[in-house]
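**Q** After the structure tokens below, expect a handful of questions from me.
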Amino acid sequence: MMAVARDINVQGEIRYNEPMSRHTSWRAGGAAEAFFIPASIDDLAAFLSELDQDTPIFWHGVGSNLLVRDGGIPGVVISASRILRDLDRVDHYLVRAGAGVPCTQLARQCVRWDFGPSEFFAGIPGTVGGALAMNAGAHGGETWERVAGVRTIDRDGEIHERVPGEYTVGYRSVTGPANEWFLEAVFRFDPDVKPSMDTMKDMLDRRKRTQPLGLPSCGSVFRNPPSDYSARLIEAAGLKGYRIGGAEVSDKHANFIINRDAATATDIEELIEHVRQTVLDEHGVSLKHEVRIVGDLKQ
């Protein structure tokens, strides 16, 4: 059964059997049964209100922290980052950012506005929406430390204003009202903290020196365990350069798995599990995924 009726009325674009390898930074994975690109928030709301309640929905940003299994994603994938790109100064220390704004863009603009601490956003490879969904962080800062409020949309197309107290936030985890997705956030910065363009540039330069940015990857695969670093544990287990199929543990940064040679999502997932099990056997530490793994196994 088709996830979305072909006669559903939208202003945007619906693609059927859309390869998710086009929409993830790993450049691997199966197809979305349906892939919707709304033309506006009103278009998105109307689409959701018409969608069958039994249709699974997966919200897609830029795919920088995502592995889609080779069997693809049933239901509909909604890719709204094109329409959620507003970035505005609300007052002296408040900034409103759409969920589709790249975190590096947020960091640069906040530094220009002299809002701090904001440089750490430059170390987050995805968008504001993804950062909100997982409490992404870098260089000692975390997204939800700065959140003053968010706007969300539910699967009926209704829009909600939410405050941080309605969410349970932890290290790389956020739990809130079910079946809602972030449209934008208001961030509050500290009047006593002045940002530094030099500090932000140093962060970006360090990423270039220490991470395999020119190759398909998802960024960090595993969360850091308490008082240690996943990359150190993986390297100490002798896994740098280890390959399964076209997937490889990076020689440059051991917590990165790169698509070296037309890797399948199965190659990548099997390598993730091999790394996790090897670190457990060698160090007694059970690493937790930072990457999100979704979709069906290939039949």
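**Q** Which one of the conditions (1) of a type in the set (A, V, I, L, M, F, W, C); (2) at pLDDT 95 or above; (3) in contact with a strand residue (DSSP E or B) (Cβ under 9 Å, 6 or more places away or on another chain) does Val193 fail to meet, given that it meets all the rest?
**A** Result: Val193 fails condition (2) only.
**Q** List pairs: first in the range 253-271 and under 19 Å from Gly63 (Cβ atoms) and at pLDDT below 95, second hydrophobic (A, V, I, L, M, F, W, C) and not in a loop (DSSP other than H, G, I, E, B), Cβ under 8 Å, 6+ apart or cross-chain?
**A** That search, which allows pairs on different chains as well, returns nothing.
**Q** Please find, among Leu287, Leu233, the residue that is touching a Pro at 6+ places or on another chain (Cβ under 8 Å) and assigned to a helix (DSSP H, G or I). Lay out the reasoning, then the answer.
**A** Working: Leu287 fails: assigned to a helix (DSSP H, G or I).
Result: Leu233 is the single residue among Leu287, Leu233 that is touching a Pro at 6+ places or on another chain (Cβ under 8 Å) and assigned to a helix (DSSP H, G or I).
**Q** Let me ask something else about it. Among the residues of the range 132-161, write down those that are touching a Gly at 6+ places or on another chain (Cβ under 6 Å) and in a strand (DSSP E or B). If you could, list the steps in order and put the result at the bottom.
**A** Taking the range 132-161 as the starting set, the residues that turn out to be touching a Gly at 6+ places or on another chain (Cβ under 6 Å) are 138-139.
Within the range 132-161, Ala138 is the sole residue that qualifies.
**Q** Name the residue that is nearest to the chain's Cα centre (by Cα), counting only residues in the range 105-156 that are among the hydroxyl-bearing types (Ser, Thr, Tyr) and crowded, with 23+ Cβ neighbours inside 10 Å. Talk me through it step by step, then tell me what you get.
**A** If we filter the range 105-156 for residues that are among the hydroxyl-bearing types (Ser, Thr, Tyr), which is where we start, we get 118, 127, 143, 152.
After this cut, where a residue has to be crowded, with 23+ Cβ neighbours inside 10 Å as well, the list is 118, 127, 143.
Working: Ser118: 18, Thr127: 7, Thr143: 12 Å.
Selected residue: Thr127.
**Q** Here is a further query. Residues in the range 83-99: is at least one at pLDDT 95 or above, more than 14 Å from Val186 (Cα to Cα) and more than 16 Å from the chain's Cα centre (by Cα)?
**A** So far as the range 83-99 goes, no, none of its residues is at pLDDT 95 or above, more than 14 Å from Val186 (Cα to Cα) and more than 16 Å from the chain's Cα centre (by Cα).
**Q** Here's something else I'd like to know. When you go through Ser217, Ser227 one by one, which is the residue that is within 24 Å of Gly170 (Cα to Cα) and part of a loop (DSSP other than H, G, I, E, B)? First the steps, then the outcome.
**A** Details: Ser217 fails: within 24 Å of Gly170 (Cα to Cα).
Ser227 is the lone residue from the list that is within 24 Å of Gly170 (Cα to Cα) and part of a loop (DSSP other than H, G, I, E, B).
**Q** Given the conditions (1) under 30 Å from Thr152 (Cα atoms); (2) modelled with pLDDT of 95 or more; (3) surrounded by 13 or more Cβ atoms within 10 Å (Cβ to Cβ), which single one is not true for Arg232?
**A** (1)
**Q** So, in the range 45-63, how many residues would count as being over 23 Å from Lys298 (Cβ atoms) and not hydrophobic (A, V, I, L, M, F, W, C)?
**A** Selection size over the range 45-63: 6.
**Q** Continuing with the same structure: Which condition does Leu204 not pass, out of (1) touching a residue at least 12 places away in the same chain (Cβ under 8 Å); (2) in a loop (DSSP other than H, G, I, E, B); (3) surrounded by fewer than 19 Cβ atoms within 10 Å (Cβ to Cβ); (4) of a type in the set (A, V, I, L, M), if it passes all the others?
**A** (2)
**Q** So, in the range 206-227, exactly how many residues are modelled with pLDDT of 90 or more and closer than 18 Å to Leu67 by Cβ? Before the answer, list the steps.
**A** Here is the first cut: in the range 206-227, the ones modelled with pLDDT of 90 or more are 215-218, 220-227.
Keeping just the survivors that are closer than 18 Å to Leu67 by Cβ gives 215-218, 220-223.
Count: 8.
**Q** Applying the selection to the range 112-127, what residues are touching a helix residue (DSSP H, G or I) at 6+ places or on another chain (Cβ under 6 Å) and either assigned to a helix (DSSP H, G or I) or not small (Gly, Ala, Ser) (or both)? Give the derivation first.
**A** Quick first cut of the range 112-127, residues touching a helix residue (DSSP H, G or I) at 6+ places or on another chain (Cβ under 6 Å) only: 118-119, 121-124.
Of everything in the range 112-127, those that are touching a helix residue (DSSP H, G or I) at 6+ places or on another chain (Cβ under 6 Å) and either assigned to a helix (DSSP H, G or I) or not small (Gly, Ala, Ser) (or both) turn out to be Glu119, Phe121, Ala122, Gly123, Ile124.
**Q** Something else about it: Just to be sure before I move on: is Leu213 surrounded by fewer than 16 Cβ atoms within 10 Å (Cβ to Cβ), under 30 Å from Met203 (Cβ atoms) and hydrophobic (A, V, I, L, M, F, W, C) in the structure I sent?
**A** Numbers: surrounded by fewer than 16 Cβ atoms within 10 Å (Cβ to Cβ): yes; under 30 Å from Met203 (Cβ atoms): yes; hydrophobic (A, V, I, L, M, F, W, C): yes.
Criteria met by Leu213.
**Q** Please report, ordered by residue number, the strands (runs of 3 or more DSSP E) entirely within the range 27-105 with at least 3 residues that are over 24 Å from Leu204 (Cβ atoms) and not assigned by TED's automatic domain parsing to the domain that holds Val150.
**A** Numbers: elements: 31-37, 57-60, 66-68, 73-79, 87-89, 94-98.
Of the strands (runs of 3 or more DSSP E) lying wholly inside the range 27-105, those with at least 3 residues that are over 24 Å from Leu204 (Cβ atoms) and not assigned by TED's automatic domain parsing to the domain that holds Val150 span 31-37, 57-60, 73-79.
The values are calculated or read from the model by the stated rules, or taken from the named source; none is laboratory data. Just so it is clear, the structure is predicted and the values come from calculations on it, not from any experiment. Heads up, the Cβs are rebuilt from the backbone with ideal geometry, glycines too, and the neighbour counts pull from every protein chain shown.
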